[in-house]
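See below for the structure under consideration.
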Amino acid sequence: MSTTTLVTAEQLLHMPRDGHRYELVAGELRKMAPAGWEHGDVGGWLNVLMAEYIRTNRPGKIFLAETGFLLSRGPDTVRAPDIAFIRKDHLPAERPLQAFWPGPPDLAVEVVSPGDTYREVAEKVEAWLAAGAMLVWVVDPQWRTVTVHRPGAELRTLTEKDELSGEDVLPGFRCRVGEIFNQA
């Protein structure tokens, strides 16, 4: 019989840095392997496209991959998308204490790494949507696609010639999917 000690979000936040990133899924620590260069290149470029739009239009805040979002308690789940966006009307009036963001982002972006399994990506998408995210984009560098997930809606897979839209979550943001993969 094996016994697993569950970790809380607070314990995760105060863990000594050991050079690794972790997520917490139902109280269980999950070590995150470093992503490959293509993952960083594609995710970085999409971050630039989104950040330029957000800087100009100020619809909310964008967050990088190291940002933890507390999705549930008892046992705790803390996930970190590759890119996250929170609408201005969902931001607190005062800057919160140093902790994980309480709840999901409005938009979570997951960039598929070569080592990711379909099951792992699907689990992350399901966690974001179940916690209340309004929009999840799964960016796949290998297939050069973006799959759009919304609660209660049929998923849509966009190819390089299609337009990616922030819809009502990031209103006015648009880019051709091909821009995410063809930065040069």
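The values are calculated or read from the model by the stated rules, or taken from the named source; none is laboratory data. Given the structure is predicted, the values throughout are model-derived calculations rather than measurements. As a convention, Cβ positions derive from the backbone with ideal geometry for all residues, glycine included, and neighbour counts pool all protein chains shown.
Within this structure, G60 fails the test of being closer than 30 Å to T4 by Cβ, at pLDDT 90 or above and small (G, A, S).
Taking the stated definitions as given, is V125 touching a residue at least 24 places away in the same chain (Cβ under 8 Å), among the β-branched types (V, I, T), in a helix (DSSP H, G or I) and within 30 Å of L6 (Cβ to Cβ)? Full working, then the answer.
Values: touching a residue at least 24 places away in the same chain (Cβ under 8 Å): yes; among the β-branched types (V, I, T): yes; in a helix (DSSP H, G or I): yes; within 30 Å of L6 (Cβ to Cβ): yes.
Considered against the rule, which asks whether it is touching a residue at least 24 places away in the same chain (Cβ under 8 Å), among the β-branched types (V, I, T), in a helix (DSSP H, G or I) and within 30 Å of L6 (Cβ to Cβ), V125 comes out as yes.
Restricting the range 151-173 to residues that are loosely packed, with under 14 Cβ neighbours inside 10 Å and of a type in the set (D, E, K, R), which is farthest from the chain's Cα centre (by Cα)? Walk me through it before giving the result.
Initially, the range 151-173 is screened for residues loosely packed, with under 14 Cβ neighbours inside 10 Å, giving 151-157, 159, 161, 163, 168, 171-172.
Narrowing the set further to residues that are of a type in the set (D, E, K, R) leaves 154, 156, 161, 163, 168.
Details: E154: 20, R156: 18, K161: 23, E163: 20, D168: 18 Å.
Only one residue fits best here, namely K161.
Exactly one residue out of G152, G132, G172 is farther than 15 Å from V112 by Cα and touching a residue at least 40 places away in the same chain (Cβ under 8 Å): that is G172. Among the residues examined, T157 does not qualify as closer than 29 Å to A33 by Cα, in contact with a Lys or Arg (Cβ under 9 Å, 6 or more places away or on another chain), free of Cβ contacts under 8 Å to residues at least 24 places away in the same chain and not aliphatic (A, V, I, L, M).
Go through L71, L64 for me and flag whichever is within 27 Å of Q11 (Cα to Cα) and crowded, with 18+ Cβ neighbours inside 10 Å. Being within 27 Å of Q11 (Cα to Cα) and crowded, with 18+ Cβ neighbours inside 10 Å holds for just one of L71, L64, which is L71.
The number of residues in the range 63-120 that are over 17 Å from H39 (Cβ atoms) and among the aliphatic types (A, V, I, L, M) comes to 9. Number of residues in the range 94-122 that are under 30 Å from E160 (Cβ atoms), in contact (Cβ under 8 Å) with a residue 24 or more places away in the chain and not polar (S, T, N, Q) equals 11.
The residues of the range 11-52 that are at positive phi and either at pLDDT below 90 or within 15 Å of the chain's Cα centre (by Cα) (or both) amount to a single one, G19.
In the list P151, P171, P105, P114, which residue meets the criterion of being out of contact with any strand residue (DSSP E or B) (no Cβ under 8 Å at 6 or more places or on another chain) and either part of a helix (DSSP H, G or I) or closer than 21 Å to R55 by Cβ (or both)? Write out each step before concluding.
Numbers: P151 fails: either part of a helix (DSSP H, G or I) or closer than 21 Å to R55 by Cβ (or both); P105 fails: out of contact with any strand residue (DSSP E or B) (no Cβ under 8 Å at 6 or more places or on another chain); P114 fails: either part of a helix (DSSP H, G or I) or closer than 21 Å to R55 by Cβ (or both).
Going through P151, P171, P105, P114 in turn, just one is out of contact with any strand residue (DSSP E or B) (no Cβ under 8 Å at 6 or more places or on another chain) and either part of a helix (DSSP H, G or I) or closer than 21 Å to R55 by Cβ (or both): P171.
Tally time: how many residues in the range 80-99 are among the aliphatic types (A, V, I, L, M), over 14 Å from K124 (Cβ atoms) and not in a strand (DSSP E or B)? Steps first, answer last, please.
Let us first name the residues in the range 80-99 that are among the aliphatic types (A, V, I, L, M), namely 80, 83-84, 86, 91, 93, 97, 99.
Still in the list and also over 14 Å from K124 (Cβ atoms): 86, 91, 93, 97, 99.
If we keep only those that are not in a strand (DSSP E or B) too, we end up with 91, 93, 97, 99.
So the count comes out to 4.
Name the residues in the range 159-175 that are farther than 26 Å from K88 by Cβ and not polar (S, T, N, Q), would you? Across the range 159-175, the qualifying residues are E160, K161, D162. Of all residue pairs spaced 6 or more apart or on separate chains, those with beta-carbon atoms under 8 Å, a first member in the range 46-58 that is without any contact (Cβ under 8 Å) to a residue 60 or more places away in the chain and a second member that is in a helix (DSSP H, G or I) and surrounded by fewer than 13 Cβ atoms within 10 Å (Cβ to Cβ) are R58/K88.
Of all the residues that make up the range 87-111, how many are of a type in the set (A, V, I, L, M) and buried (at least 22 other Cβ atoms within 10 Å of the Cβ)? Explain how you work it out, then say what you get.
To start, the set of residues in the range 87-111 that are of a type in the set (A, V, I, L, M) comprises 91, 93, 97, 99, 107-109, 111.
Restricting the remaining residues to those that are buried (at least 22 other Cβ atoms within 10 Å of the Cβ) gives 107-109, 111.
Residues that pass the stated criteria total 4.
For the range 85-107, the criterion of a residue being under 21 Å from R17 (Cβ atoms) and in contact with a helix residue (DSSP H, G or I) (Cβ under 7 Å, 6 or more places away or on another chain) is satisfied by at least one position.
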